[in-house]
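Below is one structure, written out as structure tokens; the observations come after it.
Since every read-out is calculated from the coordinates, none of them should be taken as a lab result. What you are looking at is a predicted structure, and each value in this text was computed from that prediction instead of being measured. Here the Cβ positions follow ideal geometry from the backbone for every residue, glycine too, while neighbour counts run over all protein chains shown.
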Amino acid sequence: MLIGAHVPTAGGLETALKKGREIGAEALAIFPSAPLQWKIRGWSDEACASFLGTWPAEFKEVVFHGIYLTNLAGVSADNLAKTVTALTETLILAPKIGVVNTIFHPGTYNGGLEQNKDQIKKTINAILANTPKEAKLIFENSAGSTIGGKIEDLAFLLDLASDKSRVGVCLDTCHAFAAGYDISSESGYESYIKEIDAKVGLNNVVAWHLNDSKFGLGEKRDRHENIGLGKLGTKAFELLMNDPRFAKTAGYLEVPGMVSGGPDKENVDILKKLRKA
């Protein structure tokens, strides 16, 4: 597995490159804009062209993490319209810097998936219809209280897309554990992967988020911890790092960092040591 990290872009895209180099990341994840603001600000055409001309020589992949405010099952028309606009603008921006996958949180249940099926389907397909064909929407699993807490949720979302080639899933280790999937042992990990394969398809898993968990199994608390310092432990990461089924897939650290500041060299090095190949 490729070892990536979510890196900052404060001050410009060069910041992301600099941070990635410093910590020894092999792939980068970035926000397209401030994560708690609706406006997708992006960067100038010149900055995008410079970044696109630089990163492929040093990193295997760059992905977007969408803003946190989006909700496919939004209860208000205003929230839903803003969700469509934000994700559409993100997917339009993506090819300008060589990003294919935009990973995002699908939102709240708002009464249940079936109840909101028509709205969710219309929203997903409206976004895909108005964005470049090379840009993809990637649904992230959740810690259990929002859409994506169950593997079936991810399968439900994938099925609603009219163009299946433009959607996929990202699996977060902390979220899976918090949602009640015990991937802390080899048997539990294999059980989880088999269920993912049966219900989602491993071909649809395009990325992982690599995070330990501050809270225990099934507690539905989305609190990330540094690798090996949380309730999940290192076994799941050792298995992932060496799983041939994900040998060409990137996993992105979203940990707090040993001395705060987000993903750091210490966490990257832990994963590299766990990766035997």
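Summary of computed values
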item: Whichever residue in region 8-27 is within 21 Å of Lys273 (Cβ to Cβ) and either touching a helix residue (DSSP H, G or I) at 6+ places or on another chain (Cβ under 9 Å) or aliphatic (A, V, I, L, M) (or both) and, among such residues, is surrounded by the most Cβ atoms within 10 Å (Cβ to Cβ); result: Ala25
item: Single unsatisfied condition, Gly257 versus (1) under 22 Å from Phe31 (Cα atoms); (2) within 17 Å of the chain's Cα centre (by Cα); result: (2)
item: In region 152-166, the residues that are surrounded by fewer than 21 Cβ atoms within 10 Å (Cβ to Cβ) and of a type in the set (A, V, I, L, M); result: Ala155, Leu158, Leu160, Ala161
item: Region 28-50 - residue that is closer than 18 Å to Val84 by Cβ and small (Gly, Ala, Ser) and, of those, surrounded by the fewest Cβ atoms within 10 Å (Cβ to Cβ); result: Gly42
item: Members of region 83-107 that are in a loop (DSSP other than H, G, I, E, B), among the β-branched types (Val, Ile, Thr) and touching a Leu at 6+ places or on another chain (Cβ under 9 Å); result: Val99
item: Failed condition for Thr70, given (1) of a type in the set (S, T, N, Q); (2) in contact with a strand residue (DSSP E or B) (Cβ under 8 Å, 6 or more places away or on another chain); (3) closer than 20 Å to Thr15 by Cβ; result: (3)
item: Residue among Asp197, Asp172 that is touching a His at 6+ places or on another chain (Cβ under 6 Å), closer than 24 Å to Phe237 by Cβ and surrounded by 14 or more Cβ atoms within 10 Å (Cβ to Cβ); result: Asp172
item: Of residues in region 110-151 being among the hydroxyl-bearing types (Ser, Thr, Tyr) and in contact (Cβ under 8 Å) with a residue 60 or more places away in the chain, the one surrounded by the fewest Cβ atoms within 10 Å (Cβ to Cβ); result: Ser145
item: Total residues in region 69-88, condition more than 18 Å from the chain's Cα centre (by Cα) and touching a residue at least 24 places away in the same chain (Cβ under 8 Å); result: 7
